Amino acid sequence: MPVGLFRVCLLVITAIVNHPLLFPKENGTVPENTEEIIQKMKEREESLRLEQLRLEQEIADQEATQKALEKAAVVVEESKEQKVRWDMWTALSMVIFLLIELWRQDFQEGNWQDTGGEEDDMAVLGKAFKGVAFPDKAVLASFYEKRILGTTADMARMREMVEGFADDLLEALRSVCNRDADMEVEDCVGVGSMYENWRVRKPFVCDLIVPFAPPEPYCFCCQTWCSGDSFPPDEQGYGTIKVCRADEDATGCICDKTKLGEDMLCLLHSQVSSTRPSSEMEDLLCFKNTQYLDADQVMKWFQIAVTKAWNRISHKYEFDLSFSLLDSPGALKIKFKSGKSIAFNLTPVVQYENSDVYFISHFPRSSLAADIPSSTHWFLTFAVYERRFIQLVSKTLPANACHVSCLQILSFLHGKQCSLTGPSGLTNYHLKTVLLHLLQARPSQDWAPEKLEVRLQDMLKFLEKCLHEKKLYHFFIGNGKVPAELGFPIIFQRAEPLNLFRPFVLRRDIYRKMVDTFHEMLRNMSALINEYTVHIPLAHTNGIRKD
């Protein structure tokens, strides 16, 4: 009971305490403040939500950027790996290509050597020889004896006469020149087919080269395409000739290469001596405002000097002398009162150092130097060494060897064909180059006189291969097998081989004409030879024979 009363009392007291009238009036604003707080909380919540969305977007953008960078790095790495692999394949391909090219060139140079001897050479010839009836030994021997053999004595008499007159003319030229100002002329040298005893076509023309040197105190400083200086591919085989003082290096004093300053002078060369007047260099036959020898001015000077020399000695002779060709400045013609005439070429040249290689100003009757880059570029001629090589090899060959006969017959056929169809890019110099290569490759016994037919086939086969590949390399340039007895300059042996057919690679019209002329010559070969051959029974002309 007391416990029940206590609980009732506690309930009454609690109700009295929590009655609303007991709170002060200012507490009546509590509901309004609560709504503001709730509104602010909602606004804060909304701002926090927007900030959260912005941060999530930034994080997503950063992750996307990071993934893109990682992907780009992977692509770059893969491209580097692919590039490395591609570079490795490229390098490997280049090495393989170079090895194949070297093997092909070696094979080409030695391939024809393996097809000679007792084999049937005609069986391995190209398409151009199919259906061609090649003259046999009897026909070739009769043709050679009737048409070619008799010309040797005529050449010897003409050489003797021309050389004697040229010596007299050059002696008179020295007497009319001013030794202190004009070029010094040396003795002439005979080169070419007339002096190698293989010229067959008339009129016979002697080729004489005349070395000359500048007056003292000057000298010639020669630069070739293989001397280390950079020459374009179309200038291979050419060189330049610089006129220097004897006490001056070819490349000039060091004061020309070093900037000494405006207030410093070279102790060896004064300002006066380092810059020569233009007129002085032109008097030395140099190109305008340069120190390089001008081939055109040299030929003009030489023509004037020869004219003066002839006027001095003309009273001694009962013939006239004149320049015969405008496009060949050194072409001279002797005219006798009887109407006969003798032609010869007198061409000034410059000696290369102490060798028998010469810079030649013009090539008579030849397309070898038809596209000279400029008049200060001189073509190099190795004619003296070519003549010596033929003489040296001839001493090792059997008696009455057929090497010269092969060249004579081929030169005759080519000349006759050109007279029918017009000239082509193929020249007698190309034919001689073929013979020089064969002379070096073939054993001495292969040039016995009874092997004339097979060796002539060799020359035609070699020439056909060169025409097909558009490659006929100069015999001396780049040839490391030149006999040491010749004393040939080593700089040219170490040079890159010079392709004589390179000008025809881009000039397709000339190349096409050259190939067509060669094929026509093959087809007309039997007819051309039979025209100058005594009648031989058909039993002896049974086409292609084995040696």
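Bear in mind that the values in this text are calculations on the coordinates, not laboratory data. Remember, predicted model here, so these are calculated numbers, not experimental data.
Here are the numbers for the structure shown:
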read-out	value
For segment 398-443: rounded, prolate or oblate by the Cα gyration tensor [a/c cutoff 1.5]	oblate
Across K288/K335; K137/K471; K202/K337, pairs whose alpha-carbon gap is larger than 27 Å	K288/K335; K137/K471
Gyration tensor (Cα) of segment 355-514, equivalent ellipsoid semi-axes in angstrom	25, 22, 14
Alpha-carbon centroids, segment 336-358 and segment 294-335: separation in whole Å	11
